1. Taking B:LYS135 as meeting all but one of (1) touching a residue at least 40 places away in the same chain (Cβ under 8 Å); (2) closer than 21 Å to B:ILE71 by Cα; (3) part of a helix (DSSP H, G or I), write down the number of the exception.
2. Within the stretch B:26-37, how many residues are more than 8 Å from chain A (Cβ to nearest Cβ) and in contact (Cβ under 8 Å) with a residue 24 or more places away in the chain?
3. So which residues in the stretch B:42-72 are assigned to a loop (DSSP other than H, G, I, E, B), more than 7 Å from every other protein chain (Cβ to nearest Cβ) and farther than 16 Å from A:SER114 by Cα?
4. Quick one: would you say A:LEU82 is crowded, with 18+ Cβ neighbours inside 10 Å, in contact with a helix residue (DSSP H, G or I) (Cβ under 6 Å, 6 or more places away or on another chain) and at pLDDT 95 or above?
5. Inside the stretch B:120-146, can you point out the residues that are open to solvent by less than 70 Å² (accessible area, probe 1.4 Å), more than 7 Å from chain A (Cβ to nearest Cβ) and not hydrophobic (A, V, I, L, M, F, W, C)?
6. Could you tell me whether B:ARG85 is over 18 Å from the mean Cα position of the chain (by Cα), surrounded by fewer than 19 Cβ atoms within 10 Å (Cβ to Cβ) and of a type in the set (D, E, K, R)?
7. How many of the residues making up the stretch B:60-81 are open to solvent by less than 40 Å² (accessible area, probe 1.4 Å) and more than 16 Å from B:ARG114 (Cβ to Cβ)?
Amino acid sequence: MTKILTPTDQFEVSTRDGLWMSAADALRVTGFALKPEGMCRDEICVPMSAGSVKGAEVDVEAFWKKLGGPVIASDVGDVWALGAPAEERNAALEGLQAPDFTLPDIDGTPRSLSELRGRKVFVATWASW
Amino acid sequence: MWQSLYAELKDKGFMVVAVAEESRGADHARPWIEQAKSEYWQLIDTEHRLEDLYNLSNVPQAIWIDEQGRIVRPPETAGSTDHFRRMDLKTRTMTPEDQAGRLAARQAYFDAVRDWVNTGKHALPADDARARLPKVTPRIAEARTRFRLGVWLRAHGSAAEGDRQMNEASTLHPESWSLWRQAADLDEVGKASGPDFWKRVQALGERPYYPPPKL
């Protein structure tokens, strides 16, 4: 099994030759579904070259790079990180809708920014270092 | 740090979310949080997710978000100043003037938050807010990805490889003090303000370490 880290999640997936995986797993990991037009999410379809789709299998490394996102593997290739494309981050911020996040408090209770809608929210980072 | 402001403004539809950027784990933040006795949210971000989502580069930085969930002030320095750069490194003290200047700047920032809650002042029009957003470049995006992998590797028995990913992340995004510190300093608290830190701060020259918020 291969470990795949996305910006907000992680998955265990059966892969071969890098990040070739079933279309079902590709959907789980990326949120994009394999269709005749390419890899599709909502209204967006990313066309896939003939060499990156075989039957019901997808080369997710090729797909993610085509999307514009970084793909970094560990030395032995058992852990892969798929990063958010720069343009996706910029577009989200330029829309000025504050990106939602869910993080635990010190007792482990998950808290989401979206729970605070209707209030003015001051989000401030800090660190003990 | 924000408790007095929160206590004063909480009945006016105001909330503070403090997020600890702690790749070393929640236990490093715990004593500080317990001591602060704050009523607002104190969240732990071991993967520095907030830095990725909001393109942050140092701590403390703050984002102001209005009732509709819109960013009205993009990430900016939250109350800290560069006065520390002139401190006497042997005694770790600042001159009285610098101490006063530091306090005054912090007070001005607190006042700005208070004005925003009370009157809406300091909320930026959309175009101004957009113009102040730091741009995510492909190098920054790769740095975040290597950082994410590095944190995971460190936590799963591959410390040396994790360190290497962290260092590459810092090299790709040298403006990020946060990435540099996580790469440089895992176990030894205080090392992040050691000689290497001061050398790096001095190399800034005229550039700020904490860019002052344009209020």
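1. For B:LYS135, the failing item is (3).
2. Residues meeting the conditions: 2.
3. Of the stretch B:42-72, the ones assigned to a loop (DSSP other than H, G, I, E, B) are B:46-48, B:55-60, B:66-69.
Going one step further and asking which of them are more than 7 Å from every other protein chain (Cβ to nearest Cβ), we end up with B:46-48, B:57-58, B:68.
Listed by number, the residues that qualify are B:THR46, B:GLU47, B:HIS48, B:SER57, B:ASN58.
4. Values: crowded, with 18+ Cβ neighbours inside 10 Å: yes; in contact with a helix residue (DSSP H, G or I) (Cβ under 6 Å, 6 or more places away or on another chain): yes; at pLDDT 95 or above: yes.
For A:LEU82, the condition - crowded, with 18+ Cβ neighbours inside 10 Å, in contact with a helix residue (DSSP H, G or I) (Cβ under 6 Å, 6 or more places away or on another chain) and at pLDDT 95 or above - is met.
5. Looking only at the stretch B:120-146, we keep the residues that are open to solvent by less than 70 Å² (accessible area, probe 1.4 Å), and these are B:120, B:122-124, B:126, B:129, B:133-134, B:136-137, B:140-146.
Still in the running and more than 7 Å from chain A (Cβ to nearest Cβ): B:120, B:122-124, B:134, B:143.
Residues satisfying the conditions are B:GLY120, B:HIS122, B:PRO134.
6. Values: over 18 Å from the mean Cα position of the chain (by Cα): no; surrounded by fewer than 19 Cβ atoms within 10 Å (Cβ to Cβ): yes; of a type in the set (D, E, K, R): yes.
The answer is no for B:ARG85.
7. First, the residues of the stretch B:60-81 that are open to solvent by less than 40 Å² (accessible area, probe 1.4 Å): B:60-66, B:69, B:71-81.
Checking which are more than 16 Å from B:ARG114 (Cβ to Cβ) leaves us with B:60-61, B:63, B:65, B:69, B:71, B:74-77, B:80-81.
Matching residues across the stretch B:60-81 total 12.
Listed here are the residues, each with its yes/no results for (1) in contact with an Asp or Glu (Cβ under 8 Å, 6 or more places away or on another chain); (2) under 26 Å from A:PHE101 (Cβ atoms); (3) more than 14 Å from chain B (Cβ to nearest Cβ).
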{"site": "A:ALA33", "(1), (2), (3)": "no, yes, yes"}
{"site": "A:GLU37", "(1), (2), (3)": "no, no, yes"}
{"site": "A:VAL53", "(1), (2), (3)": "yes, no, yes"}
{"site": "A:ALA56", "(1), (2), (3)": "no, no, yes"}
{"site": "A:TRP64", "(1), (2), (3)": "no, yes, no"}
{"site": "A:PRO70", "(1), (2), (3)": "yes, yes, no"}
{"site": "A:VAL76", "(1), (2), (3)": "no, no, no"}
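The values are calculated or read from the model by the stated rules, or taken from the named source; none is laboratory data. The model shown is predicted, which means the values in this text are computed figures rather than measured ones. Note: ideal-geometry Cβ built from the backbone for every residue, glycine included; neighbour counts use all protein chains shown. Accessible surface areas use protein heavy atoms only, side chains included; no ligands, DNA or RNA. Shrake-Rupley method; radii C 1.70, N 1.55, O 1.52, S 1.80 Å.
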